[in-house]
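Reviewing the structure listed below.
Where a number appears in this text, it was derived from the coordinates with a stated rule and is not lab data. Computed from a predicted structure; not experimentally measured. For neighbour counting, all protein chains shown are included, and Cβ atoms are generated from backbone atoms with ideal geometry for every residue, glycine included.
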Number of protein chains: 2
Amino acid sequence: MAQPSTIRVGAMRDSSVNVVDLTYIPARTYIAYALFGISNVWSIQHMGAAAIDPRGGMAEADNPHSLVVRFPQTEPLITDAGLEIAPLTVAYQTYGALNSAKSNAVLICHALTGDQHVANAHPLTGKPGWWETMVGPGRPIDTNRYFVICSNVIGGCMGSTGPASLNPATGKPYGLELPVITIRDMVCAQARLVDHLGIDQLFCVAGGSMGGMQVLQWAASYPQRVFCAMPIAAAARHSSQNIAFHEVGRQAIMADPFWRGGRYFETAERPSKGLAVARMAAHITYLSDEALHRKFGRRLQDRAAPAFSFDAEFQIESYLRHQGSSFVERFDANSYLYVTRAMDYFDLADDYGGSLALAFKGSKTRFCLVSFTSDWLFPTANSRAIVHALNAGGASVSFVEIETDKGHDAFLLDVPELLSTSKGFLDSAARARGLPAAGAQP
Amino acid sequence: MAQPSTIRVGAMRDSSVNVVDLTYIPARTYIAYALFGISNVWSIQHMGAAAIDPRGGMAEADNPHSLVVRFPQTEPLITDAGLEIAPLTVAYQTYGALNSAKSNAVLICHALTGDQHVANAHPLTGKPGWWETMVGPGRPIDTNRYFVICSNVIGGCMGSTGPASLNPATGKPYGLELPVITIRDMVCAQARLVDHLGIDQLFCVAGGSMGGMQVLQWAASYPQRVFCAMPIAAAARHSSQNIAFHEVGRQAIMADPFWRGGRYFETAERPSKGLAVARMAAHITYLSDEALHRKFGRRLQDRAAPAFSFDAEFQIESYLRHQGSSFVERFDANSYLYVTRAMDYFDLADDYGGSLALAFKGSKTRFCLVSFTSDWLFPTANSRAIVHALNAGGASVSFVEIETDKGHDAFLLDVPELLSTSKGFLDSAARARGLPAAGAQP
């Protein structure tokens, strides 16, 4: 586990930003939080609903265990939908130290239900950070070498402005009053954060899945600000099949009578069953047929012969139910609607007259794309299409398709070829950027 | 559309069977039924729930627009779960005429949510029969030549004993009091029907998907009774991934508060939202990424620019929602639990010490297997494994993998190679069986 950096970002704020609130709790505190059930976090884990705060919102949404920057009301984010979000709040974590030239910052973009807790224990679950295989001391994204930033996407529920955040206009959580958000809106909010941290150019922007979409959007929207980019298991547009799976999840949530048009925070119940079903359906798409066969096959759960019932007879059923029920303890149902919708709208070429090559034309950014053979959600063909567009746009690009049976989730897992590819690419880019070698004295 | 045969099956019943009820309504009547809204069928289509009868059950479940054979209480079906179903009712349709040698009967086994209405208008929806491309005069399964039988599977909701049928012990629909059913149980019930029709050996047993599983079970359980077999887009066991998708559907149904532990027939509501979500998730698996891209892509529904909302923005969303809402008008939620569960339990080799070859050892049946390149639910590898087992068991087998982007649903669609393969195989088998050539005078 990487130690969150102790840098006080308030010291770096630029004059236009009013840092209202900086909450910072060391990672080890989270574990105590989860183990000893201080306040409302623990109890809610037994309620099967995302942690709520006394005002009826979600605790992490307004008081996250993170660094937070709240931009002033007078500086709204204008979304792609043409609506304003103000004030805009961005919750984030950092690891490592920013060098004096501010040239060693790596921005990590998280996936659909990920968050800013890349390399520290999760404040709600107590589990390790979601990318500790990739990020930490001596890891490919080496926190001894790079200043690593990860913010919660807007539309999320871990501290950046999302549907569970309090709407200052009403004093209640936004719910569906929050404008629908796009990948570009998420990236705009991240750019505000990077401005706030005083960083002109990021050394690298990296992420998988929806994180990879953000990487592509960064490279297209801010080509001068991205020295190198690693979109992993990504796509330049969301496919019809993937929109379909998202729609199933949304319908499952909206079919739950406790969803109440998104206004469930005003009641004691949460649409937990609907959200769990949504997660179960999605979770299948993150794995592969082969991996499921290898891990579970047709093995029965805790029995030698079938009971001929509708209980969880098979191990895969028990596993899926657990995925559903544990998810609702850390995630907000409305946020699930927003983040899936953001992915659905993503079609990078559409902003460039239908030409993906135009999105990257003349880009000086170095790209490294990675796909996985068994990923059927974002299959290799998606990455290859991006590579072709980058080639057509004259960009520098490496591309690796990794043989694995782990499916889409491989980008989160301990896949040696992913780690060695990432390390090799970043080491090479760091030399080109003039960063000191790993282990060198600063 | 084929004309249902006018043969009176009562005349053929064997002495052990007491034919209690024979309901028979010509196909054209169904259309009037749907068009003019006689009785409760039409109105319920607007209620978004499967048609119910005045007693609180489902109309088709106890009074189907089909031929029906009800076996006596004294001859229960002993299920694989070790429980009895009595009386056992099997609802079915027939097309064409049985020859005097009773050697031209083709049994069609339907898929998960199919029914006996193979080649006539559906009594609830008014739509054409589900396999009119394959079955009818001059079609590959030629009703001028063959006597075609299709029964509703037990566990279904179109007239064979299922959870919506009245439980004679209580006078109320079974709900979850019906024993859990397996593919072998379905086939046992079909064998009773075939006995009842006085047929020793079926010329052919054919079906796709869950129908294909039944075909395999027929060939394994009753090798002497199956001259030739056509399992299409099938598998000898249900995969972990497929169990997972089914479990999502079941959880969606059981999460619906109107499901009430399966006892919804005692109330005015139905778990329609949960069932619709289940159908939506399943429907994606019946298609292919390529077909969805070709049919819908990322096109918006009735608008030029995105509205940035959670309405059905994309055509694929609108299509999926329609699939969900139309399904609940013709299918029972508890039946969905039963038929998915039957598929989950299917593992033919398991009954033969783990050896699929043993299941077919010494079989004289001629097999023709068909798979589709874009079918990711029952991929070609599944069919190939069956072919290997048949080869090892010394059986006669043809195998065709058809190139198509239509996914699993290809078996239901107008795919010329499927139709020509089926026709060629059946013509050849008919010659071997000594049936007169097509068009010959009987």
Cα pair count fraction exceeding 16 Å, expressed as % - the stretch B:290-341: 55 percent
Two-decimal Rg/Rh across the stretch A:243-341, once Rg and the Kirkwood Rh are taken from alpha-carbon atoms: 1.04
HN-Hα J in Hz across the stretch B:171-187 - Karplus 6.51, -1.76, 1.60, θ = phi - 60°, x for Gly and Pro: x, 10, x, 3, x, 7, 6, 5, x, 5, 10, 10, 4, 5, 4, 4, 5
Farthest toward positive dipole pole in the stretch B:243-341 [+1 Lys/Arg, -1 Asp/Glu at C-beta], among B:Val328, B:Gly297, B:Leu287: B:Leu287
Computed FRET value (nearest 0.05) for A:Ser221 with A:Ala169, which takes r as the C-beta separation and R₀ as 45 Å: 0.95
Convex hull volume per residue for the stretch A:200-260, taking Cα atoms only, in Å³: 111 Å³
Filtered trypsin sites (Lys or Arg not before Pro), the stretch A:368-442: DSSP coil and at most 14 other beta carbons within 10 Å: none
Counted charge near B:Ala438, where neighbours are those whose Cβ lies closer than 12 Å (Asp, Glu -1; Lys, Arg +1): +2
Listed residues B:Gly162, B:Gly171, B:Gly138, most fluctuating in chain B (Gaussian network, C-alpha, under 10 Å): B:Gly171
Order of B:Ile85, B:Ile78 under a 10 Å beta carbon neighbour criterion, fewest first: B:Ile78, B:Ile85
Note, ³J(HN,Hα) from phi for the stretch B:279-294, Karplus 6.51, -1.76, 1.60, rounded to Hz, x at Gly and Pro: 5, 4, 4, 5, 4, 4, 6, 7, 9, 10, 3, 5, 5, 5, 5, 5
Separation in nanometres of the label points that stand 7 Å from Cα toward Cβ, at B:Lys102 and A:Arg303: 3.9 nm
Largest to smallest principal axis extent of the C-alpha atoms in the stretch A:120-227, angstrom: 46, 37, 26
Cα-based reach from B:Lys364 at 18 Å (exclusive), listing aspartates and glutamates while leaving out same-chain residues under 8 positions away: B:Asp200, B:Asp427
Volume per residue of the C-alpha convex hull in the protein assembly as shown, rounded to whole Å³: 166 Å³
Projected label distance in nm at A:Thr267 and B:His293, using a 7 Å step from Cα toward the beta-carbon: 4.2 nm
Globularity index of chain B, i.e. its alpha-carbon radius of gyration over 2.2 N^0.38 Å: 0.94
Full-stretch length increase - A:Gln73, A:Asn144 - with 0.36 nm per residue and alpha-carbon distance subtracted: 21.9 nm
√(5λ) per eigenvalue of the Cα gyration tensor, the stretch A:96-167, largest first, Å: 24, 15, 9
Kirkwood hydrodynamic radius of the stretch B:358-402, Cα pairs, Å: 10.7 Å
Computed E for B:Arg431/A:Glu84 - FRET, C-beta separation, R0 56 angstrom, nearest 0.05: 0.15
Whole-angstrom gap from the stretch B:343-357 to the stretch B:373-442, using each part's C-alpha centre: 22 Å
Interchain or long-range residues, amide H under 5 Å from A:Gly207's placed H: A:Cys109, A:Met230, A:Ile232
Nearby lysines by direct alpha-carbon distance to A:Lys273 (threshold 19 angstrom, same-chain neighbours under 8 apart not counted): B:Lys273
Share, in percent, of DSSP beta bridges within the protein assembly as shown that are antiparallel, nearest 5: 40 percent
Antiparallel %, DSSP beta bridges [both residues in chain B], to 5: 40 percent
GNM result for chain A, Cα springs below 10 Å: residue of A:Asn144, A:Asn104, A:Asn120 fluctuating most strongly: A:Asn144
Neighbour net charge for A:Tyr95 - beta-carbon separation under 12 angstrom, K R +1, D E -1: 0
Anchor B:Lys423: aspartates and glutamates whose Cα lies under 16 Å away (excluding residues fewer than 8 positions away in-chain): B:Glu132, B:Asp142, B:Glu401, B:Asp414
Estimated translational D of the stretch A:396-442 in µm²/s (Stokes, Kirkwood radius over Cα pairs; 4 °C; 1.567 mPa s): 104 µm²/s
Partner chain coverage, peptide A:276-282 - average Cβ within 10 angstrom: 6
Those residues of the stretch B:77-119 whose amide nitrogen sits under 16 Å from the label point placed on B:Asp347, 7 Å along Cα→Cβ: B:81
The stretch B:188-296 - convex hull of the alpha-carbon atoms, volume per residue in Å³: 169 Å³
Rg/Rg_globular for the stretch B:299-436, with Rg_globular taken as 2.2 N^0.38 Å and Rg from C-alpha atoms: 1.45
Integer Hz, Karplus 6.51/-1.76/1.60 couplings in order for the stretch A:353-361, x for Gly and Pro: x, x, 9, 5, 4, 5, 4, 10, 4
Distance between modelled label sites at A:Glu403 and A:Leu176, nm, 7 Å Cα→Cβ extension: 4.9 nm
